[in-house]
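Some notes on the structure that comes next.
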Amino acid sequence: MDCHKTVAPILPMKVVLAEKPSVAREIAKYLDASSAAKGFYRNHEWAVTWAFGHMVELQEPEDYTPQWKPWRQNSLPIIPQHFKLRARGDASAYEQLMVIKALFEQADEIVCATDAGREGELIFRYILTWTECQAKPCRRLWVSSLTTAAIAAGFKALAPSSDFDGLYHAAQCR
């Protein structure tokens, strides 16, 4: 199945990425994005999609070079020149990642609505990097409650993703 065909082009379009389907449903409800498709909700302006937590992860040492597969003290420290990402191994996560990628590629703007904190920021940035959409304009929805009032306040206070670079770097270091 070609996941790209499930995403009808909508221009201009803003895409919201939530960390979980339940959060995406609440945000879609607030945005009146009631048209459901496989892996996302949409209306004339917005598409709201979701991750399943850590869907993109760092590659294993042996993915860089077979010599790093057995952990030997004399090969430590194992530090690749550039850390690379890979999709998590299960088919459902990969299928949802392809939906996210198609939406991100069509987006004029991407809104990060993952959990407020460093892990949520890491999840978003890894997905953004894996989809190769880092050059797209991105903003951050920072909410700790899913009430209509909290979501509305969060959308009124959307901040540039760059404001959260420190949080992302802290998550990378962890």
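Taking the range 60-85 only, how many residues are within 17 Å of the chain's Cα centre (by Cα) and open to solvent by less than 70 Å² (accessible area, probe 1.4 Å)?
Looking only at that region, the number is 1.
Considering S144, S92, the condition of being part of a loop (DSSP other than H, G, I, E, B) and under 21 Å from G53 (Cβ atoms) is satisfied by S144 alone. Annotation note: Cβ proximity below 6 Å between a residue of the range 59-73 that is more than 26 Å from I127 (Cα to Cα) and a residue that is open to solvent by 100 Å² or more (accessible area, probe 1.4 Å) and among the β-branched types (V, I, T) (sequence gap 6+ or interchain) occurs for no pair. In summary, T147 fulfils each of the numbered conditions (1) open to solvent by 60 Å² or more (accessible area, probe 1.4 Å); (2) among the hydroxyl-bearing types (S, T, Y); (3) within 18 Å of W46 (Cβ to Cβ) with the single exception of condition (3). Scanning the range 107-116 for residues that are open to solvent by 20 Å² or more (accessible area, probe 1.4 Å) and out of contact with any Ser or Thr (no Cβ under 8 Å at 6 or more places or on another chain) yields a count of 3. Selection of the range 126-139 for residues being touching a helix residue (DSSP H, G or I) at 6+ places or on another chain (Cβ under 9 Å) and either within 11 Å of L17 (Cβ to Cβ) or assigned to a loop (DSSP other than H, G, I, E, B) (or both) yields I127, L128, T131, E132, C133, Q134, K136, P137, C138.
Within the range 97-123, residues that are under 16 Å from P137 (Cα atoms) and part of a helix (DSSP H, G or I) have Cβ atoms under 7 Å from residues that are open to solvent by 10 Å² or more (accessible area, probe 1.4 Å) and among the hydroxyl-bearing types (S, T, Y) in these pairs: E121/Y168, counting only partners at least 6 apart in sequence or on another chain. Note on the range 129-157: residues that are in contact with a Leu (Cβ under 9 Å, 6 or more places away or on another chain) and either within 15 Å of I27 (Cβ to Cβ) or free of Cβ contacts under 8 Å to residues at least 60 places away in the same chain (or both) total 12.
Scanning the range 11-59 for residues that are surrounded by fewer than 17 Cβ atoms within 10 Å (Cβ to Cβ) and in a strand (DSSP E or B) yields a count of 5.
The values are calculated or read from the model by the stated rules, or taken from the named source; none is laboratory data. Only a predicted model underlies this, so the values are computations on that prediction, with no experimental measurement involved. Neighbour counts run over all protein chains shown; Cβ positions are idealised from the backbone, glycine included. The accessibility values were calculated without ligands, DNA or RNA, using every heavy atom of the protein model including side chains. Shrake-Rupley method; radii C 1.70, N 1.55, O 1.52, S 1.80 Å.
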